[in-house]
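Only the coordinates and a few stated rules stand behind these numbers; no lab work does. Quantities reported herein were computed from a predicted structural model and do not represent experimental measurements. No Cβ is skipped: glycine too gets one built from the backbone with ideal geometry, and neighbour counts run over all protein chains shown.
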Amino acid sequence: MEQAYKAVKKLAEDFRAHERDYLAPTYQEAKVRGDFIDKFFKALGWDVYHNDQKNPHEQEVQIENPVSTGGTQQRADYAFFLAPNFRDPKFFVEAKKPARQLKNADFFTRPSATDGTGILRLPSSPTLKNSM
């Protein structure tokens, strides 16, 4: 747990050190995923890069996972599963670039994540930024 704390703290420090650059409109969602979100979940012990889980049907983290909601097909940026059940996600994560404002929370939620599953917003969430 200490190692995870240090890794997450380092991510927060890196963000703060270059916050102006990360909040610029030119810093894109794909970059925040690689620079922060992937590393955050790796620090917490999730096999984000599939280093251990090689079978594509048995991976605890799936990127751009198809999700059916209300008769429409959408894609969750991240879907997280727990073995041995790789069919039913435990939670989803929707990535957004940090320049997005959270004034309208509805803009950031998808129907796939409003049925009791969680959404994590990094690093733009004021709660997460201020608590590290």
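Among the residues of region 48-68, those identified as acidic (Asp, Glu) and either outside any loop (DSSP other than H, G, I, E, B) or closer than 15 Å to residue 93 by Cα (or both) are 60, 64.
Name every residue in region 39-54 that is on the phi > 0 side of the Ramachandran plot and touching a residue at least 24 places away in the same chain (Cβ under 8 Å), in order of residue number.
Within region 39-54, just 45 meets the criteria.
Report whether or not residue 73 is without any contact (Cβ under 8 Å) to a residue 12 or more places away in the chain and either in contact with a Pro (Cβ under 6 Å, 6 or more places away or on another chain) or part of a strand (DSSP E or B) (or both).
In short, yes.
Restricting region 15-27 to residues that are in a helix (DSSP H, G or I), over 17 Å from the mean Cα position of the chain (by Cα) and of a type outside the set (Gly, Ala, Ser), the residue that is surrounded by the fewest Cβ atoms within 10 Å (Cβ to Cβ) is 20.
For region 39-68, give me each residue that is under 16 Å from residue 7 (Cβ atoms), in contact with a strand residue (DSSP E or B) (Cβ under 6 Å, 6 or more places away or on another chain) and of a type in the set (A, V, I, L, M). Correct list: 48 only.
Considered as a group, the residues in region 36-47 that are assigned to a helix (DSSP H, G or I) and of a type in the set (D, E, K, R) include one that is surrounded by the fewest Cβ atoms within 10 Å (Cβ to Cβ), and that residue is 42.
Among the numbered conditions (1) in contact (Cβ under 8 Å) with a residue 12 or more places away in the chain; (2) part of a helix (DSSP H, G or I); (3) not charged (D, E, K, R), the only one that residue 30 does not meet is (1).
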